[in-house]
Structures are given as C-alpha cells and as structure tokens.
C-alpha cells in the first residue's frame, strides 16, 4: 500500500452540517422544505448532480446551475465562519505524511477545496488535490478515484480511501481501492457494506492502516 486518499466533506471537515443548513435555507427561499432523505442522497455527488436531484425532489422549475450559484453564495459565508476539522484529522495526516502519498478526492468544487486546505494549512501535505470540476461522472461513479490514483502514479489496489458516505464508498470500491468508511453523523442509515472496514473516527482508522502496512498487504 502506497497511497492514502481522503474524501473531504464530512470526512476531513464538518461541512456536511453546513451543506445541510445551506440546502435547507435554499429550499426555504423557494417556499419549500427539504427532507432529510433528500439531503442524504445528495451527499458525495458532484454539485450539479446533487442540485439536479434537489430540484427534482422539491419539484422546482429552476436550473441546477442557478441553484448552485445560490448555494455557493450561502456556503462561502458558512465556511468562513464555521470551518471545523474532524477529530483526528491532523493526527492521521501527520502519522502518514512521508510514508504514504496523500491525496484528496472530493465532490466539492475547486473553490471550496482550495479554501478548506489553505484554511487548515494542509496543502503541503498532499500530492494531489482533486476537485469535481474536471470530473464527468460524480460519485458513486469511480471516475474521481481512478483519476486521483493515476495522478498519484499508483494502481487503485495500492491505495487506501477514507470515505464518510455511501456514494463515496461505492465509488472507491468500484475503482478497486481499499475502502475504510468513517461515517459522518449525516450518513446515518447509509449502506457501508462495500467498505473493507468501518471505524468511528479518523483516530480509529490509524491502527487499521498501520496493521495493513506492517503486514505487507
């Protein structure tokens, strides 16, 4: 095993809470209420794909591009005011930095990826920062993980993936990576059966990865 790929939203930072709040606010602007099930199904997808689903389920005659503009405006402010790393993030990055090639593969747009890694001071730790902007098919399609592995110069089977949502776990599994699920609170009820293991937080992922590395898997 030579690589460790992180999802971002809900895995590295507690942004799913912010996205859910932004999407509830967005729904209210159109006089609607959005169901938890809809918000859950949106997790991990490309921004336009998730907002197309949002429009369908809320029966909004609004283009996903316009909804994305509105959500982006809301999220910019929320990220500036409420960005919080998930427990264990700095620890796991520091433990494996220099031992494994580190990457991020996120369904978020490049603007938010840049804002978050720079706010956290983590840019120098990662060899690849892959946003959804150049991805044609979002998670659960494996495209983003296959591309990230290619950019790392590694085969998927040589890479661990840390994911917090079912869509992300499916994508990484389909790519052929070793998937460790770290479910976020917003992913309650998701099916993580395709993950090789499920752990409660990033601290708990460290010994799992260490054991596999030491066994020469």
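The values are calculated or read from the model by the stated rules, or taken from the named source; none is laboratory data. Keep in mind that what you see is a predicted model, and the values were worked out from it rather than measured. We place every Cβ from the backbone using ideal geometry, glycine too, and count neighbours over all the protein chains shown.
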For residue 216, the lone unmet condition from (1) over 24 Å from residue 82 (Cβ atoms); (2) touching a residue at least 24 places away in the same chain (Cβ under 8 Å) is (2)
Within the range 134-148, restricting to residues that are within 14 Å of the chain's Cα centre (by Cα) and under 13 Å from residue 5 (Cβ atoms), the one that is surrounded by the fewest Cβ atoms within 10 Å (Cβ to Cβ) is 142
Residues within the range 122-162 that are at pLDDT below 95 and farther than 23 Å from residue 190 by Cβ, tallied = 3
Filtering the range 97-133 for residues that are surrounded by fewer than 16 Cβ atoms within 10 Å (Cβ to Cβ), closer than 17 Å to residue 50 by Cβ and touching a helix residue (DSSP H, G or I) at 6+ places or on another chain (Cβ under 8 Å) leaves a count of 2
Is at least one residue of the range 15-38 surrounded by 20 or more Cβ atoms within 10 Å (Cβ to Cβ), in a helix (DSSP H, G or I), touching a residue at least 60 places away in the same chain (Cβ under 8 Å) and in contact with a helix residue (DSSP H, G or I) (Cβ under 6 Å, 6 or more places away or on another chain)?
-> yes
If we scan the range 91-110, do we find a residue that is part of a helix (DSSP H, G or I), modelled with pLDDT under 95 and out of contact with any strand residue (DSSP E or B) (no Cβ under 6 Å at 6 or more places or on another chain)?
-> yes
Keeping to the range 127-152, report how many residues are farther than 16 Å from residue 170 by Cα, touching a residue at least 40 places away in the same chain (Cβ under 8 Å) and in a loop (DSSP other than H, G, I, E, B).
-> 2
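Going through 86, 70 one at a time, which residue ends up being over 24 Å from residue 183 (Cβ atoms), in contact with a helix residue (DSSP H, G or I) (Cβ under 9 Å, 6 or more places away or on another chain) and in contact (Cβ under 8 Å) with a residue 40 or more places away in the chain? Can you show your working first?
Working: 86 fails: over 24 Å from residue 183 (Cβ atoms).
Answer to the check: 70.
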Can you tell me which residue among 205, 195 is in a helix (DSSP H, G or I), touching a helix residue (DSSP H, G or I) at 6+ places or on another chain (Cβ under 8 Å) and on the phi < 0 side of the Ramachandran plot?
-> 205
Which of the residues spanning the range 111-126 are free of Cβ contacts under 8 Å to residues at least 24 places away in the same chain and either closer than 27 Å to residue 68 by Cα or touching a strand residue (DSSP E or B) at 6+ places or on another chain (Cβ under 7 Å) (or both)?
-> 114, 117, 118, 121, 123
Given the conditions (1) over 15 Å from residue 3 (Cβ atoms); (2) crowded, with 16+ Cβ neighbours inside 10 Å; (3) in contact (Cβ under 8 Å) with a residue 40 or more places away in the chain, report the number of the one that residue 194 does not fulfil.
-> (3)
